[in-house]
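Enquirer: Below you'll find the structure I mean.
The values are calculated or read from the model by the stated rules, or taken from the named source; none is laboratory data. Computed from a predicted model, the values in this text were never measured in an experiment. FYI the Cβ positions are ideal-geometry reconstructions off the backbone, even for glycines, and counts take in every protein chain you see.
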Amino acid sequence: MINLYITLKVETYAPELAPYAYGVVMFGIVFYFFRVFESWYASYFNRPLFRHYFVYKKVSASKETILKNQFDFYNKLSEKHKKQFNHRVAQFISEKKFIGRDNLIITERIEVLIAAIACMLSFGRRNYTYTLIDVILIYPSKFYSTTNNNYHKGEFNPRQRALVLSWEDFEEGFQISNDNLNVGIHEFMHAMQLETKGGDDLDSARFVKQFQNIMKTVANPEVRRQLDETKFFRAYAFRNQYEFMAVLAEYFFESPEDFKDAFPKLYDYTKKLLNFNFAGY
């Protein structure tokens, strides 16, 4: 008869690991309360606690020359904000695929100016690279769109994750800075607004809050009367809420003083929506 004894080896408690376990638990607790505080701060002050984790990227010297010589907004920024803007432009260009249509050659200038407009609009946000956009298609001039069988200066197609631009019209909007027509700002605002609809981050929460304030203000009979009488915003703004927000962004950047004087509440809500406290805005 053979007796078989199965010995179970009990794991010995390792006290030297306890500090690490406590550290992980404490980190989790601190992180949780930090997120709670951050949410409260963003809700109370209408802005994120901070906009950047790290700033480490930089565009090439030739691309920075384009920013300095052709993008006035960049030169109005403080040195700290220039570094942040430079980083964001570099990150944006690295994440997006730029494709020229109808034999248009993609140059550094095209990449930099499109990225600069996009990053200017989102400069107050923590999430600034437009997660719904993977591809930027650029035509030499107006292009035919199968969306509504018409010619467009620009459009955002969320299904294809593509933003489409007419370079001729983009340049015109970019070079004439006080006519409140800027196809780049307009289309990137469409992308930003759609992104916030499905977002659960602080940027989206702030956007939704201020968007609701804007819609309530516009619904006020007295404000509506002023809008009708002054015709301050072009008629295209009143096609729907998306076009209204896109036009609002164009006016905010191109005629900030006039906008503020004509409709101070709408201006203030737009400023809070974009968290925009840069370059004198």
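Enquirer: Which condition from (1) aliphatic (A, V, I, L, M); (2) modelled with pLDDT under 95; (3) under 25 Å from PHE174 (Cβ atoms) is the one that ALA246 breaks?
Expert: (2)
Enquirer: Got a number for residues in the range 171-228 being in contact with a Pro (Cβ under 6 Å, 6 or more places away or on another chain) and farther than 25 Å from GLU111 by Cβ?
Expert: Adding up the residues that qualify gives 1.
Enquirer: Criterion first (modelled with pLDDT of 95 or more and surrounded by 13 or more Cβ atoms within 10 Å (Cβ to Cβ)) does LYS96 satisfy it?
Expert: yes
Enquirer: Inspect all residues belonging to the range 73-92 and state whether any of them is of a type in the set (Asp, Glu), in contact with a strand residue (DSSP E or B) (Cβ under 6 Å, 6 or more places away or on another chain), surrounded by fewer than 21 Cβ atoms within 10 Å (Cβ to Cβ) and in a helix (DSSP H, G or I).
Expert: no
Enquirer: So, one more: Checking the condition under 17 Å from GLY100 (Cβ atoms), touching a residue at least 12 places away in the same chain (Cβ under 8 Å), in contact with a His (Cβ under 8 Å, 6 or more places away or on another chain) and among the basic types (Lys, Arg), which residue from LYS153, LYS142 passes?
Expert: LYS142
Enquirer: Name every residue in the range 225-281 that is farther than 22 Å from TYR128 by Cβ and either β-branched (Val, Ile, Thr) or not in a helix (DSSP H, G or I) (or both), in order of residue number.
Expert: Selection gives THR230, LYS231, PHE232, PHE233, ARG234, ARG239, ASN240, SER255, PHE263.
Enquirer: Being surrounded by 18 or more Cβ atoms within 10 Å (Cβ to Cβ) and among the hydroxyl-bearing types (Ser, Thr, Tyr) narrows it down to one of THR196, THR217, so name that one.
Expert: Result of the check over THR196, THR217: THR196.
Enquirer: In addition: Condition (residue is aliphatic (A, V, I, L, M) and surrounded by fewer than 16 Cβ atoms within 10 Å (Cβ to Cβ)) applied to the range 106-117: is it met by at least one residue?
Expert: Yes, the range 106-117 contains at least one residue that is aliphatic (A, V, I, L, M) and surrounded by fewer than 16 Cβ atoms within 10 Å (Cβ to Cβ).
Enquirer: Of all strands (runs of 3 or more DSSP E) completely enclosed by the range 132-173, which ones contain at least 1 residues that are among the β-branched types (Val, Ile, Thr) and more than 27 Å from SER204 (Cβ to Cβ)?
Expert: Correct list: 135-139.
Enquirer: Name the pairs: first residue in the range 117-128 and at positive phi, second residue not in a helix (DSSP H, G or I), Cβ to Cβ under 6 Å, at least 6 apart or on different chains?
Expert: none
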